[in-house]
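The values are calculated or read from the model by the stated rules, or taken from the named source; none is laboratory data. The shown structure was predicted, so the numbers you read here are calculated from the model rather than taken from an experiment. In this analysis, Cβ positions are derived from the backbone assuming ideal geometry, glycine residues included, and neighbour counts consider all displayed protein chains.
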Amino acid sequence: MNERATLSKDEVRSLFTAYRAAPESEQTQLRARLVDQHIGLVEFLARRFRNRGEPLEDLVQVGTIGLLKAIERFDLDREVEFSTYATPTIVGELKRHFRDKGWAVRVPRRLQELHLELTKVVGHLGQDLGRSPTVAEIAQTMGTTEETVLEGLEIAQAYNFTSLDAPLDTDEGGTTSFADQLGEDDEHLENLEYRASLAPEMAKLPERERRILYLRFFKGLTQSEIADKLDISQMHVSRLLNRTLANLRHALEEE
Amino acid sequence: METISLKIPASPVYLQIVRLVAAGLATRLKFTLDDIEDLKIAVDEMSAYFTGANGREGTIEIRFSVHGDSLEISGAGHFASGEKVRTDLTEFSRMILETVADSATLEQMDGTPTFSLVKSKAQ
């Protein structure tokens, strides 16, 4: 499923050995490689939860946090393979997400379904029209009222995510393609950080959130364009953006 | 020109209602989804100055006016005497608002903190 080569058991162990021994400056990169190697496992496990009303991409994000915890806790002296060790941790994280943080308990089924349907319709319509759709167009396609669509859009913001509360760099596993696109953008990012005097808060953001912020407010891309570029739904971009901004506002206020 | 007014407690809890009214009016003006999302971000960004992260003692009065293809949203905060509200935009806010709105101002008017936002339908 990935273009990258899958490492053998022994190679994974060597990578772990290198990770444990590495100086702090190299740990992030090695950890990202470990995440990369096992993101397929996370996706596999996340798929088992997808009929519960949350987008798969969100579940993968939650599962990745479990993977990161497993990476930190894995004991190389054990005989067990890492994937065997990590599976219950990842599943545990997904289950906890639904129990504590998920909207499964808070948002009625009808609204969950509405949100999923909206995500789909907005994506398709955007492609067919070559521009962002209007609410009337979305309502018509879904055979529902404009009010219902507006309600569904607002609900997209209402449910919790864990990514911003997660340890740094958690996004790297699922989003290696973003890293490829960085490079020259980094310079502008630094400039952005400087200009906004937000350096510490910006630096704390996961890579994807920082990138979305940059593309929207520095490059002027629309949410739909960002969704295309990062290959996630516009609804997901909207949610990440709103949450990131809310967190930054909060952080600034506390200064 | 038609105007709609809302008066809410100065708490982030009620911003959802403000966003919904803004989105509802933008829908009448046939804004695209991208523009509606931008408008909501603008509303959140401005309102955050008045509500703070945890709410303030007081109320916010918000007026929505439709002028042709554009929507103007203005707010006035009425706070208890102890509440301190800043009325100059941070550089970060300015950058956000420049992207998501056509114009945005925050100022003290006769001792009352006020904001104004304008967003027009994309041509």
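Observations
- Residue within region A:129-143 that is more than 27 Å from B:Thr27 (Cβ to Cβ), touching a Lys or Arg at 6+ places or on another chain (Cβ under 6 Å) and either at pLDDT 50 or above or surrounded by 14 or more Cβ atoms within 10 Å (Cβ to Cβ) (or both) present: no
- Reported count of residues in region B:45-63, each being of a type outside the set (Val, Ile, Thr), farther than 30 Å from A:Gly123 by Cβ and within 11 Å of chain A (Cβ to nearest Cβ), is 4.
- B:Gln108 meets all of the listed conditions (1) in contact (Cβ under 8 Å) with a residue 24 or more places away in the chain; (2) farther than 27 Å from A:Leu118 by Cα; (3) touching a Ser or Thr at 6+ places or on another chain (Cβ under 9 Å) but one, namely (1).
- Annotation for region B:74-83: no member residue is at pLDDT 95 or above, among the aliphatic types (A, V, I, L, M), out of contact with any Pro (no Cβ under 6 Å at 6 or more places or on another chain) and buried (at least 19 other Cβ atoms within 10 Å of the Cβ).
- Hey, A:Leu245 modelled with pLDDT of 85 or more, surrounded by 19 or more Cβ atoms within 10 Å (Cβ to Cβ), within 9 Å of another protein chain (Cβ to nearest Cβ) and over 14 Å from the mean Cα position of the chain (by Cα) or not: yes
- Residue list for region B:73-100, filter: basic (Lys, Arg) and without any contact (Cβ under 8 Å) to a residue 12 or more places away in the chain: B:Lys84, B:Arg94
- For region A:77-89, a residue qualifies if it is within 17 Å of A:Gln37 (Cα to Cα) and either in contact (Cβ under 8 Å) with a residue 12 or more places away in the chain or charged (D, E, K, R) (or both), and the qualifying residues are A:Glu81, A:Phe82, A:Ser83, A:Tyr85, A:Ala86, A:Thr87, A:Thr89.
- Among the residues of region B:64-109, those that are of a type in the set (Val, Ile, Thr), within 14 Å of chain A (Cβ to nearest Cβ) and under 16 Å from B:Ile41 (Cα atoms) comprise B:Thr90, B:Ile96, B:Thr99, B:Val100.
- Residue identified as more than 10 Å from every other protein chain (Cβ to nearest Cβ), among the aliphatic types (A, V, I, L, M) and free of Cβ contacts under 8 Å to residues at least 24 places away in the same chain among A:Leu230, A:Leu240, A:Leu215: A:Leu215
- Enumeration of residues in region A:97-115 that are surrounded by 16 or more Cβ atoms within 10 Å (Cβ to Cβ) and either assigned to a helix (DSSP H, G or I) or modelled with pLDDT of 70 or more (or both): A:His97, A:Phe98, A:Lys101, A:Leu111, A:Gln112, A:Leu114, A:His115
- Output for region B:29-44, where each listed residue is in a helix (DSSP H, G or I) and either more than 9 Å from every other protein chain (Cβ to nearest Cβ) or touching a Gly at 6+ places or on another chain (Cβ under 7 Å) (or both): B:Leu39, B:Ala42, B:Val43
- Boolean, B:Arg19 is of a type in the set (Lys, Arg), surrounded by 19 or more Cβ atoms within 10 Å (Cβ to Cβ) and either more than 10 Å from chain A (Cβ to nearest Cβ) or touching a residue at least 24 places away in the same chain (Cβ under 8 Å) (or both): yes
- Yes/no for B:Asp88 being on the phi < 0 side of the Ramachandran plot and either small (Gly, Ala, Ser) or in contact with a Ser or Thr (Cβ under 8 Å, 6 or more places away or on another chain) (or both): no
- Meets criteria (touching a Leu at 6+ places or on another chain (Cβ under 9 Å), at pLDDT below 85 and surrounded by 13 or more Cβ atoms within 10 Å (Cβ to Cβ)) for A:His38: no
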